[in-house]
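No lab work stands behind these numbers, since they all come straight from the coordinates. These numbers come from a predicted model, not from an experiment. Cβ placement follows ideal geometry from the backbone for every residue including glycine, while neighbour counts extend to all protein chains displayed.
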Amino acid sequence: MSDLSIQLHWHRAEPVLQTGKYSNAHRVQFNDSHEVEVDSAPGWGGDPANTNPEQALASALSSCHMMTFLALCAKAGWPVASYHDYAEAHLGKNPKGQMSVIRIDLHPVVRFDTGFNVSDAQLAEMQHRAHRYCFIANTLADTVEINIK
């Protein structure tokens with residue numbers, strides 16, 4: 001199988017590491033060429049201009065779901081012209097009482113080439129198949145909802 005990696009870089013900017021008095025801002029580097037500024041979620045004191053791990057998790061799921069959906073559509077001969085998603089990670093306490101991403105909602109909108117149509121039921125089934133085969137969804141288990149538009 002594949003081993004995939006990132007590099008994470010954080011340096012303390014404050015003189016002393018003290019609870020609640022240091023920055024979580026850091027950089028994540030992908031493939032030695034692309035960097036993303038990351039911080040805590042704004043509700044936890046992070047800079048809203050930076051992405052946060054919860055957004056990154058929602059992004060990973062959304063991307064994986066879309067790529068799986070496109071692969072299934074290509075195999076079925078469905079001419080997808082565009083795909084848009086609004087993914088939302090919900091924070092809360094899990095059954096153990098720990099803070100976690102308790103659910104991620106996907107809101108995919110799919111457009112096909114002119115003249116090609118599928119029923120709402122067919123589209124829903126293809127989205128559910130994509131969810132079943134998505135690597136990231138399989139990692140997250142039952143915390144994903146797909147709200148087809």
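So here's what we get for this one:
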item: Set Asn31, Asn50: member being free of Cβ contacts under 8 Å to residues at least 24 places away in the same chain and of a type in the set (S, T, N, Q); result: Asn31
item: Any hit, segment 22-33, residues being among the basic types (Lys, Arg) and loosely packed, with under 13 Cβ neighbours inside 10 Å; result: no
item: Index of the failed condition, Val118 passing every other in (1) closer than 25 Å to Phe30 by Cα; (2) β-branched (Val, Ile, Thr); (3) out of contact with any strand residue (DSSP E or B) (no Cβ under 6 Å at 6 or more places or on another chain); result: (1)
item: Segment 6-21, residues that are surrounded by 10 or more Cβ atoms within 10 Å (Cβ to Cβ) and either basic (Lys, Arg) or outside any strand (DSSP E or B) (or both); result: Trp10
